[in-house]
Amino acid sequence: MYDVAIIGAGPAGASAAIFCAKAGKKTVVIDHDLSITRRAWIENHYGVPQISGPDLVETGKKQAEKFGAEFVKAQANNVRQTPEGLVVETDQGQYTARHVILATGLYTDLAEAIGLRTKPGTEPRIKTIVEVDSQGKTHIPGIWVAGTLAGVSVHTIITAGDGAKVAINVISELNGERYVDHDVYKPAP
Ligand SMILES: Cc1cc2nc3c(=O)[nH]c(=O)nc-3n(C[C@H](O)[C@H](O)[C@H](O)COP(=O)(O)OP(=O)(O)OC[C@H]3O[C@@H](n4cnc5c(N)ncnc54)[C@H](O)[C@@H]3O)c2cc1C
């Protein structure tokens, strides 16, 4: 049983995984490695002067793995509500989690298979998004959405930020109080 299962390892999903794993939550990330971010050259991500999309995606995965997040290369096809928890069905087996975060970018087929409420996108070239509240919650308890799929502006700093926002809301719900993840800089003496 995982605390959090994340579908998608682009900026939104991997950023959520960094926060969840660093908070000590048992985290699995299921991804079929078709991120559109891999086609990007990025010079507008605050704090990162320039980086290729593939390097950003790989760096994000390594950051999350460092804190214990597990990455599985698979296609998620459905999420079922069961008394034991949310069961994520993939082409490589199934995973049970207390919370599921969908960060599948432009891909809406999983959201539609689950029966999440969708609506037309408002960002350029984004056809369909999932209805979420300001926390990132869908109408199905325990299922959250982050990044492009949630309708935010399609830029790495924003989708990664939205992944972090939703992760902090999930961690806070698991902990029963608001969560903060601050490390302190200790300059060399
Ligand atoms: C050509 C191009 C140039 C760009 N340039 C910039 C730029 O300069 N600056 C900038 O800020 N942004 C840029 N962007 C946008 C940015 O790269 C991303 O679009 C954005 O960050 C999307 O992040 P995401 O995590 O929501 O989605 P994605 O990065 O697309 O990640 C979604 C992930 O979900 C996985 N997935 C989907 N469905 C399933 C499923 N059912 N099962 C398993 N895995 C699944 C996919 O394989 C993918 O890895 C550019 C995009 C493109 C295409």
- Please indicate, with yes or no, whether at least one residue in segment 57-71 is within 12 Å of the ligand (Cβ to nearest atom), surrounded by fewer than 22 Cβ atoms within 10 Å (Cβ to Cβ), under 18 Å from THR104 (Cβ atoms) and not hydrophobic (A, V, I, L, M, F, W, C). yes
- Regarding ASP3, is this residue modelled with pLDDT of 95 or more, open to solvent by 20 Å² or more (accessible area, probe 1.4 Å), in a strand (DSSP E or B) and not aromatic (Phe, Trp, Tyr)? yes
- Message: If I ask for residues that are closer than 18 Å to GLY161 by Cβ and either within 7 Å of the ligand (Cβ to nearest atom) or in a helix (DSSP H, G or I) (or both), which ones from segment 35-56 would you list?
- Response: SER35, ILE36, THR37, ALA40, ILE42, GLU43, ASN44, HIS45, GLY53, LEU56
- Task: Scan segment 113-127 and report the pairs whose first residue is at pLDDT below 95 and whose second residue is surrounded by 13 or more Cβ atoms within 10 Å (Cβ to Cβ), with Cβ atoms within less than 9 Å and a gap of 6+ or a chain change.
- Result: none
- Task: Report those strands (runs of 3 or more DSSP E) wholly inside segment 87-189 carrying at least 2 residues which are open to solvent by 60 Å² or more (accessible area, probe 1.4 Å).
- Result: 93-102, 118-120
- Do we find a residue being of a type in the set (D, E, K, R), surrounded by 23 or more Cβ atoms within 10 Å (Cβ to Cβ) and more than 10 Å from the ligand (Cβ to nearest atom) anywhere in segment 21-34? yes
- What do you reckon, is ALA160 within 13 Å of the ligand (Cβ to nearest atom) and either free of Cβ contacts under 8 Å to residues at least 60 places away in the same chain or under 17 Å from the mean Cα position of the chain (by Cα) (or both)? yes
- Note on the structure: Scanning segment 35-81 residue by residue, those touching a Leu at 6+ places or on another chain (Cβ under 8 Å) and touching a residue at least 24 places away in the same chain (Cβ under 8 Å) turn out to be ILE36, THR37, ALA40, ILE42, HIS45, ALA76, ASN77, ASN78, VAL79
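The values are calculated or read from the model by the stated rules, or taken from the named source; none is laboratory data. Predicted model, so just to flag it, every value in this text is computed and none were measured. Don't worry about glycine lacking a Cβ; one is built from the backbone with ideal geometry, like all the others, and counts go over all protein chains shown. The area values use the complete protein model at the heavy-atom level, side chains included, leaving out ligands, DNA and RNA. Shrake-Rupley method; radii C 1.70, N 1.55, O 1.52, S 1.80 Å.
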